[in-house]
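One structure is given below, encoded as structure tokens.
The values are calculated or read from the model by the stated rules, or taken from the named source; none is laboratory data. Since we're looking at a predicted model, the values are computed, not measured. All Cβ positions, even for glycine, are placed from backbone atoms using ideal geometry, and neighbour counts span all protein chains on display. Ligands, DNA and RNA are stripped out before the accessible areas are found, and what is left, the full protein with its side chains, is counted by its heavy atoms. Shrake-Rupley method; radii C 1.70, N 1.55, O 1.52, S 1.80 Å.
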Amino acid sequence: GGPRIGVNPPGPQMIKKNVGYLGVKMTTNISKEKRDILVNKIKEIKQFIASSPQDENTATLLSYIADIEKDIKGKKYGLVFEEHKEAIDEKLENYTPVLSEDKDLFINNGGQMNFLIEGDNLASLQLLEKTHKGAIDFIYIDPPYNTGNKDFIYDDNIIDTNDTYRHSKWVSFMQKRLEVANKIISKNGLIFISINNIELSSLKLLCDSIFGEKNFVTNLVWKCRSSLYYTEPLFSDITESILVYAKDKSQFWLKSFDKDSIGDEKSLAGFYLNRVKKKYDGENYSNPDNDPNGPFITSGKVRNDGRPVYTVVSPTGVEHTEAWVYTPEVFKKLNEAGLIYWGVDGSAQPRKKSYLKDFIGNVSSNFLADEFMRSVNSDGKIRKEKYFEVGTTESGTKELNDILGKSLFDYPKPSSLIKYLLYLYPKKDFSVLDFFAGSGTTGHAVMKLNSEDGGNRKFILCTNNENNICRDVTYERIKRVIEKENHKASLKYMKVDFVPISDKLYYEYADELLKHIKELVELENGINFDGNKELAIILTEEDLDNFTNNITDECKTIYLGHNVLPTEEQEKLFKKHEIKINIIPDYYYRDLEG
């Protein structure tokens, strides 16, 4: 430990030089220094070439060097991967996607009009970008996990663990689809993405680049199986992740969960999202019946996080002053429903093993209070340090078997999981999209929740038809669930077709596109024209003449092509019959007009 023989003690300059290496002050970016040296060398080469006699070769060299310089200066932090091109990319360069309805599969059972789209989901997303840009509030997807066990098919090839571009192909595949998803999600929208550890890190970096790191909400950890599953000799893997991103996290949290948007506090969202600042200060909650569980009186104080501080009196007369996550009214309803356990010392805590049904009507007839409380902290925030338990893949398998008599999926998600995620959104009337629809779990969950809480959520499901999955599984499940559980919901079955546009001018295929406008109008507005006497669609002058010549009082609304101009007499007829006119937008295929 003493001084080394023959070594001089470090002088002031040496100490100053090396202090950075001791972690006191070290700001040098070595990689940047190397890039700057390369850029300066390239600059000298460019100057030398520029001063030399100019010909085709020097011009070519300069362009090569510019490409190299651009690559050197390119992105140096984030997800780096080899980009791949799919067959669908090439198809979309030469064809434009359109929708055609299979009318034989139409389900008319009232309620919201929902849609199932069969086809490559990248093509489906391009169509949704036309009809639903900035309009989807809630997206849930369960993409292939890229396990190497035949779960990820890329360009008709099964990607296994021997594929050296396995991860790059998956990221390329996801990037294209998530970029479009980011365009169609609403300003108050959320996207939930199920994933396991194989691509979790890649997906997180990819989503940070697409949705913005600042819009990352959380990584929900879900207990996906009840039995032990050993991925390694010493470790049992029983959880998966659900990455959650907001379109605009700041706007979403500040505006979506305000008092007005929560609405009916019987909804599960209102149940625990009342942590948002509410102006209860100074309000007294009377107790005219001398209820031993009341009164509830605000203290006039608000915590830093915005929660009001209330005074609560227990049945034994013990007074508590605490920042309850529940508003006084909600707490009272919880107590009346027997969901609050009062200790002998007057302490209050949520009661375990009790159904919430009595508290929130039919919202959660099979959603246990103890399940809820295991996944939610006492202040109403979802726990992130552990995991939440709402169904498992085993229960998802049983559910699918009960409906179809077969599963066809190794680890299907249970509808209770998606229903739980839907609970997190604070409204009952919003649009839901799943573009990896698989067995149709998301559609099933939307219908169940609507039936339970009287909501008006509507869904769009997109999936390919590999092995007839869309027709025989996704559609069949929705159809049987509607019949068996008597949900008020309707469904239109659409297929993605393609119209060739390569080497053609717009007017050469415009008439063909016109044949598919009706489906886009139905998709955008959630309506059905066929057999509906209250609605009409008019796309040509001939359609207009036929309609006005046979006009009836039954028709209440018409959708009119943007380039169809009614005469003065026709406009008078519309006014006389009190018909509302909606102009069909020109943005469906505006990009093709050139």
Practice task
Mind listing just one residue for me: the one in the range 131-158 that is at positive phi and in contact (Cβ under 8 Å) with a residue 12 or more places away in the chain and, of those, most open to solvent (accessible area, probe 1.4 Å)?
Solution key: Asp156
Handout entry: Hits in the range 53-77 (condition: surrounded by 11 or more Cβ atoms within 10 Å (Cβ to Cβ) and in a loop (DSSP other than H, G, I, E, B))
Key = Gln54, Lys73, Lys76
Exercise for the section: Name every residue in the range 426-436 that is open to solvent by 10 Å² or more (accessible area, probe 1.4 Å) and either at pLDDT below 95 or under 10 Å from Leu461 (Cα atoms) (or both), in order of residue number. Expected result: Lys427, Lys428, Asp429, Phe436
Handout entry: Unmet criterion (only one of (1) open to solvent by less than 80 Å² (accessible area, probe 1.4 Å); (2) outside any loop (DSSP other than H, G, I, E, B); (3) at pLDDT 95 or above) for Arg480
Key = (1)
Exercise for the section: Of all residues in the range 119-152, count the ones that are under 11 Å from Thr463 (Cα atoms) and hydroxyl-bearing (Ser, Thr, Tyr). Expected result: 1
Problem - Evaluation of Cys470 against (1) in contact (Cβ under 8 Å) with a residue 60 or more places away in the chain; (2) farther than 18 Å from Glu118 by Cβ (one fails), failing number - result: (2)
Completion exercise
In the set Asp120, Asp151, the lone residue that is among the acidic types (Asp, Glu) and farther than 30 Å from Leu592 by Cα is Asp151
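Can you tell me which residue in the range 538-553 is nearest to Ile583 (Cα to Cα), limited to those that are open to solvent by 40 Å² or more (accessible area, probe 1.4 Å) and in contact with a helix residue (DSSP H, G or I) (Cβ under 9 Å, 6 or more places away or on another chain)?
Keep residues of the range 538-553 that are open to solvent by 40 Å² or more (accessible area, probe 1.4 Å), which gives 540-543, 545-546, 549-550, 552-553.
Pick out the ones that are also in contact with a helix residue (DSSP H, G or I) (Cβ under 9 Å, 6 or more places away or on another chain) and you get 540, 545.
On the way: Thr540: 13, Asp545: 17 Å.
Looking at residues that are open to solvent by 40 Å² or more (accessible area, probe 1.4 Å) and in contact with a helix residue (DSSP H, G or I) (Cβ under 9 Å, 6 or more places away or on another chain), I get Thr540.
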Exercise for the section: Go through the range 556-594 residue by residue and tally those that are part of a loop (DSSP other than H, G, I, E, B), over 26 Å from Glu129 (Cβ atoms) and of a type outside the set (Lys, Arg). Expected result: 6
Problem - Conditions (1) more than 22 Å from Asn401 (Cβ to Cβ); (2) open to solvent by less than 10 Å² (accessible area, probe 1.4 Å): number failed by Glu452 - result: (2)
Exercise for the section: Look through Leu190, Leu178, Leu203 and report the one residue that is within 21 Å of Asp155 (Cα to Cα) and under 12 Å from the mean Cα position of the chain (by Cα). Expected result: Leu178
Handout entry: Subset of the range 98-122 [surrounded by fewer than 22 Cβ atoms within 10 Å (Cβ to Cβ) and either in contact with a Pro (Cβ under 6 Å, 6 or more places away or on another chain) or in a strand (DSSP E or B) (or both)]
Key = Ser100, Glu101, Ile107, Gln112, Met113
Practice task
Provide a single number: the residues in the range 34-52 that are part of a helix (DSSP H, G or I) and open to solvent by less than 100 Å² (accessible area, probe 1.4 Å).
Solution key: 12
Problem - Number of the exception - Tyr420 against (1) more than 22 Å from Tyr493 (Cβ to Cβ); (2) touching a residue at least 60 places away in the same chain (Cβ under 8 Å); (3) part of a helix (DSSP H, G or I) - result: (2)
Practice task
List every residue pair whose Cβ atoms sit under 9 Å apart, with the two residues 6 or more apart in sequence or on different chains, where the first one lies in the range 67-88 and is at positive phi and the second, anywhere, is modelled with pLDDT of 85 or more.
Solution key: Gly78/Leu205; Gly78/Leu206; Gly78/Asp208; Gly78/Ser209
Practice task
Could you please let me know if Val496 is part of a strand (DSSP E or B) and either open to solvent by 10 Å² or more (accessible area, probe 1.4 Å) or closer than 28 Å to Ile88 by Cα (or both)?
Solution key: yes
